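First the structure, in the form of structure tokens, and then the observations on it.
We did not get these values from a lab; they are worked out from the coordinates using the rules stated. No experiment lies behind these values; they were computed from the predicted model shown. Virtual Cβ from ideal backbone geometry, glycine too; neighbours counted across all protein chains shown.
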Amino acid sequence: MRKRLILLTTSFIVAAALFFYWMNVHQTQAAFPKDSTFTATSGDQIKLDRLAPKVRFLSFIYLQCPDVCPQTTADMEWIRDKLVEDGLFNQQVEFLTITFDPANDSLADLKQYGDHFRINETDGWLMLHGSVADTKKLTDEFGFYYKDAGDSKVHTNATFLLDENNRVIKQFGMGDIGFDREDVYREIKKTVE
């Protein structure tokens, strides 16, 4: 019995250490793939690793999501408006929203989604569409996982605050799961200052 308890305790410690490593080391080392190109709803071709230095807030969505994706986008809209008032949005802060379901989310659908949330009203918020391969490479790099669940997708509830070198400095949830828009707004402002 004692050997079992020691083995169980050791397994738990190893699992906790691996989780800590992934959350703190892997996430901070995540980087935009160098050979990936995404298309913005404006039609511009975007190479993420060549973007000008800015603080960035990164979210992954799919357009048929019934809850956390649109809720997170609505909260980001509120944050964007506050950052515009502060004179920080577009000049020092940029938002990236990328579909992780490019096979079903067309560029035209993304533009319509962006219009609904007033994303296209200001510069500094890119709605992006990539190939299935480039999207998978990017989501894997940031530890954002998803899979088909019949008529919907099950996905990681994570958004990412990136520094000017596009390194993750803080991770937030999505929707009601670990995403407080006022907290995210304060963290973005703190990062810029």
Notebook entry, point to check: Around Asn90, with a cut-off of 13 angstrom between Cβ atoms, what is the net charge of the other residues, counting Lys and Arg +1 and Asp and Glu -1?
Noted result: -3
Notebook entry, point to check: Among residues other than Arg167 whose Cβ falls under 14 Å from its Cβ, what is the net charge (Lys/Arg +1, Asp/Glu -1)?
Noted result: -1
Next item on the list: For region 113-159, give the magnitude of the charge dipole about the Cα centre (Cβ charges: +1 Lys/Arg, -1 Asp/Glu; no others), in debye to the nearest 20.
Entry: 160
Note to self: From the phi angles alone, apply the Karplus equation (6.51, -1.76, 1.60; θ = phi - 60°) to region 80-88 and give each ³J(HN,Hα) in whole Hz, x where the residue is Gly or Pro.
What the structure shows: 4, 4, 5, 5, 5, 4, 7, x, 9
Next item on the list: Give the long-range amide H neighbours of Ile46: residues separated by 5 or more places, or on another chain, with amide H under 5 Å away, using H modelled in the peptide plane at 1.01 Å from N.
Entry: Phe38, Thr39, Ala40
Notebook entry, point to check: Among Pro70, Ile98, Val132, whose Cα lies farthest out toward the positive end of the dipole of region 64-160, if unit charges sit on the beta carbon of Lys, Arg (+1) and Asp, Glu (-1)?
Noted result: Val132
Checklist line | 26 Å Cα-Cα reach of Lys170 towards lysines, excluding residues that sit fewer than 8 places from it in its own chain | finding: Lys34, Lys47, Lys54, Lys82, Lys136, Lys137, Lys147, Lys153, Lys189, Lys190
Notebook entry, point to check: How large is the charge dipole for region 46-193, taken about the Cα centre, if only the Cβ atoms of Lys, Arg (+1) and Asp, Glu (-1) carry charge, to the nearest 20 debye?
Noted result: 420
Check: By its C-alpha gyration tensor, with a ≥ b ≥ c as the square roots of the eigenvalues, how is region 124-193 shaped: rounded for a/c under 1.5, else prolate for a/b larger than b/c, else oblate?
Finding: oblate
